[in-house]
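Encoded as structure tokens, the structure appears first; notes follow it.
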């Protein structure tokens with residue numbers, strides 16, 4: 001005795017519908033290998049696989065007053081976002097030259113304007129905390145974007161972040177005063 | 001026609017495909033690893049030879065930090081400076097080149113690494129007059145002094161990896 005035809009038809013339809021749901025819900029290639037983004041706010045300590053980050057403050061300025069290597073003032077047509085950080089590599093040396101500031105869908109790469117040694121290079125190795133500044137150059141209009149209240153400092157610390165964990169600090173860039181100058185000191189190892 | 005004759009082609013495919021798949025998944029990565037040069041562990045006080053030079057770790061020491069500022073050794077609290085001295089001498093058919101050094105540790109089951117400090121003077125560390133912090137292999141004998149900044153306590157379980165060409169040699173630090 002075999003099952004009625006309508007039962008077989010319903011089973012096939014259910015299987016096809018189920019398959020369609022699975023295909024629709026499956027992540028794409030980028031989604032499968034996307035990085036993990038542990039998040040925190042200013043003052044929080046956020047850790048990824050090879051980086052622990054604490055952002056002490058975020059400030060806006062028109063000029064960077066760089067107090068080492070005889071650089072002096074550095075201007076911009078937009079505004080400098082200065083992020084004061086304490087960063088610690090967890091396993092090995094780290095380079096943060098691919099770090100980004102996300103405002104809505106726009107991504108601003110961290111500036112390389114500061115002369116070496118900077119906080120972009122955690123060059124000593126594992127477990128050595130360094131205090132210093134990361135700077136991002138953004139247009140003034142970006143500060144009025146809806147996403148500026150929930151901007152993200154994404155601390156990429158490797159060229160290939162697939163399936164890696166990348167610390168993210170969420171900051172509110174609205175309502176901050178834009179100073180005329182902001183002093184930038186050389187990075188320094190902090191007491192552990 | 002028996003069941004076996006009807007399914008012979010399928011069975012043959014299975015017999016061929018499964019070992020082939022196993023080879024691709026397991027054998028190929030193993031062969032890749034086998035072709036990669038490993039790290040050679042050097043016994044305390046022993047000399048190794050690479051690229052026509054001999055390398056001997058003659059001394060190493062930890063300098064615990066007492067903080068920065070007046071009356072300190074300018075090494076941050078909770079950190080230590082680690083210095084190491086290698087005798088490098090031309091041996092048989094030396095080849096010009098360079099070598100890299102890295103401090104490594106596997107304490108607690110975690111691989112960690114430290115790069116050489118480019119400016120030891122920042123931490124009031126004076127490199128010996130006749131020594132070099134750069135490992136340039138140019139046919140002459142020299143003393144290589146490498147300096148690392150590490151968290152305090154790293155020294156006890158650390159090693160120095162010296163890479164010459166494609167070979168890496170792991171030297172245990174000197175413990176009195």
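Details
- Among (1) at pLDDT 95 or above; (2) over 18 Å from the mean Cα position of the chain (by Cα), the one test that residue B:115 misses: (2)
- Residue in the stretch A:102-110 that is in contact with a strand residue (DSSP E or B) (Cβ under 7 Å, 6 or more places away or on another chain), within 30 Å of residue B:80 (Cα to Cα), more than 14 Å from chain B (Cβ to nearest Cβ) and modelled with pLDDT of 95 or more present: no
- Screening residue B:125 with (1) touching a residue at least 24 places away in the same chain (Cβ under 8 Å); (2) away from every other protein chain (no Cβ under 14 Å); (3) part of a loop (DSSP other than H, G, I, E, B) gives one miss only, at (2).
- You will find that of A:55, A:86, the residue that is more than 14 Å from chain B (Cβ to nearest Cβ), part of a strand (DSSP E or B) and under 23 Å from residue A:159 (Cα atoms) is A:55 and no other.
- Here the condition is being surrounded by 16 or more Cβ atoms within 10 Å (Cβ to Cβ), farther than 15 Å from residue B:101 by Cα, in contact with a strand residue (DSSP E or B) (Cβ under 7 Å, 6 or more places away or on another chain) and within 14 Å of chain A (Cβ to nearest Cβ); of B:152, B:158, it holds for B:152 alone.
- Within the stretch A:74-81, one or more residues are more than 30 Å from residue B:148 (Cα to Cα), at pLDDT below 95, more than 14 Å from every other protein chain (Cβ to nearest Cβ) and not in a loop (DSSP other than H, G, I, E, B).
- Scanning the stretch B:66-83 for residues that are in contact (Cβ under 8 Å) with a residue 12 or more places away in the chain, more than 11 Å from every other protein chain (Cβ to nearest Cβ) and over 19 Å from residue B:156 (Cβ atoms) gives a single hit, B:73.
- Selection status of residue B:37, at pLDDT below 95, more than 14 Å from every other protein chain (Cβ to nearest Cβ), surrounded by 14 or more Cβ atoms within 10 Å (Cβ to Cβ) and in contact with a strand residue (DSSP E or B) (Cβ under 9 Å, 6 or more places away or on another chain): no
- Test: residue in the stretch B:91-101 that is within 11 Å of residue B:146 (Cα to Cα), out of contact with any helix residue (DSSP H, G or I) (no Cβ under 6 Å at 6 or more places or on another chain), part of a strand (DSSP E or B) and at pLDDT 95 or above: yes
- Selection over the stretch A:100-131 of residues that are in a strand (DSSP E or B) and on the phi > 0 side of the Ramachandran plot gives a count of 1.
- Among the residues of the stretch B:102-111, those that are exposed (fewer than 15 other Cβ atoms within 10 Å of the Cβ) and either within 11 Å of chain A (Cβ to nearest Cβ) or touching a helix residue (DSSP H, G or I) at 6+ places or on another chain (Cβ under 7 Å) (or both) comprise B:107, B:110, B:111.
The values are calculated or read from the model by the stated rules, or taken from the named source; none is laboratory data. Remember, it's a predicted structure, so these values are computed and weren't measured experimentally. FYI the Cβ positions are ideal-geometry reconstructions off the backbone, even for glycines, and counts take in every protein chain you see.
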